[in-house]
1. Determine if segment 25-39 includes at least one residue that is assigned to a strand (DSSP E or B), touching a strand residue (DSSP E or B) at 6+ places or on another chain (Cβ under 9 Å), of a type in the set (A, V, I, L, M, F, W, C) and at pLDDT 95 or above.
2. For segment 3-38, name all the residues that are without any contact (Cβ under 8 Å) to a residue 12 or more places away in the chain and acidic (Asp, Glu).
3. What number of residues within segment 1-24 are under 28 Å from residue 70 (Cα atoms) and either in a helix (DSSP H, G or I) or aliphatic (A, V, I, L, M) (or both)?
Amino acid sequence: MKKTFVKGIWIKEKTFTDWSVLKTSIKVDDLIKFLEENKNEKGYVNFDIKKRKQASETGITHNCELDTWKPDTSQSTPESKTKNSGNAEPEDDFPF
């Protein structure tokens, strides 16, 4: 599967003794265009922030990769295994 990186966002990690901060720069026009082009049917864009193995020449330490995963809707949902004959209480779907 081809990786698609979010356009218009750059992240640089600054590490200190006890903590770190992710400095983020956003080029608004580029990011808005990317978001509009990649939003799902509900209007969302999902992406993963991933740490690079090595920082780029410009100090970029993280990438934002578009998450294109969608649930497999081709499988039908299983019917309820509980058939209540009226004599017994219905079973709960609790695992305990």
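The values are calculated or read from the model by the stated rules, or taken from the named source; none is laboratory data. It should be emphasised that the depicted structure is a prediction, and the values quoted were computed from it without experimental measurement. Counting neighbours? That spans all protein chains shown, and the Cβs are built from the backbone with ideal geometry, glycine included.
1. Yes, that holds for at least one residue.
2. From segment 3-38, those without any contact (Cβ under 8 Å) to a residue 12 or more places away in the chain are 14-21, 35-37; that's our starting set.
18, 36, 37, listed by residue number.
3. Let us first name the residues in segment 1-24 that are under 28 Å from residue 70 (Cα atoms), namely 1-11, 24.
Next, from what is left, pick out any that are either in a helix (DSSP H, G or I) or aliphatic (A, V, I, L, M) (or both): 1, 6, 9, 11.
The total comes to 4.
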